[in-house]
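The values are calculated or read from the model by the stated rules, or taken from the named source; none is laboratory data. Everything numeric here is computed off the predicted structure, so don't read it as measured data. Positions of Cβ are backbone-derived with ideal geometry, glycine not excepted, and every protein chain shown enters the neighbour counts.
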Amino acid sequence: GAVVSQHPSRVICKSGTSVKIECRSLDFQATTMFWYRQFPKQSLMLMATSNEGSKATYEQGVEKDKFLINHASLTLSTLTVTSAHPEDSSFYICSARDYWLNGTSTDTQYFGPGTRLTVL
Amino acid sequence: DQQVKQNSPSLSVQEGRISILNCDYTNSMFDYFLWYKKYPAEGPTFLISISSIKDKNEDGRFTVFLNKSAKHLSLHIVPSQPGDSAVYFCAASALYNFNKFYFGSGTKLNVKP
């Protein structure tokens, strides 16, 4: 249980285009999903918290008009990188929060496999 | 402001021996801690967690120890296996801000055959 998928796994696009990344919780409902960014040899940087049915909460320094987040259902959140530029090239990872695992109360984030974005 | 720190960027251990990965935190409000394992170009995989009401949690070869007075936690892997070679992240959260997990910078573990 607690599987999170991400699509696409990698994308290469031209500067100025927009890219949408999907994050799905496959076997549980996630009221909260998170979007992270990881630069080479660095830790995960939380970009925003996505709550189903409401606006995302962005971390300081993250442009909400640049990184559009939509959490339309309990199993799907999308991140759209608008007008992408080479400096947006990174590894984007989503996670979904699950409170119950195998009947046991827990509070854990389960991560997707990540999306490698390369902007030319 | 790095509230969760992993001061060892890398660790090398012989197969069969114990691996000890350390993590320190500064926020005394943190009351839930997790360890994740990450391979290159993949998302982190949840390993084990511990709440502040415990000082030890064990799951197979993995044991997490929590020392609240020292604001320190550690992950023990015994016996270490070559497949354990990966980057390990510790994370912490607080009840008052349950939505936010703070991650350390990671420790790259290399288990030599």
query: Applying the selection to segment B:50-93, what residues are more than 13 Å from chain A (Cβ to nearest Cβ), assigned to a strand (DSSP E or B), among the small types (G, A, S) and within 12 Å of B:D24 (Cα to Cα)?
result: B:S74
- line: Residue hits (segment A:58-75; in a strand (DSSP E or B) and surrounded by 17 or more Cβ atoms within 10 Å (Cβ to Cβ)) are A:Y58, A:F67, A:I69, A:H71
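Hey, among the residues in segment B:30-44 that are over 8 Å from B:A92 (Cβ atoms) and within 7 Å of another protein chain (Cβ to nearest Cβ), which one's farthest from the chain's Cα centre (by Cα)?
B:A41
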- line: Per the list (1) surrounded by fewer than 16 Cβ atoms within 10 Å (Cβ to Cβ); (2) free of Cβ contacts under 8 Å to residues at least 40 places away in the same chain; (3) under 23 Å from A:A2 (Cβ atoms), residue check on B:G43 breaks on (1)
- prompt: So how many residues does segment B:14-48 have that are modelled with pLDDT of 90 or more, of a type in the set (D, E, K, R) and part of a loop (DSSP other than H, G, I, E, B)?
  reply: 2
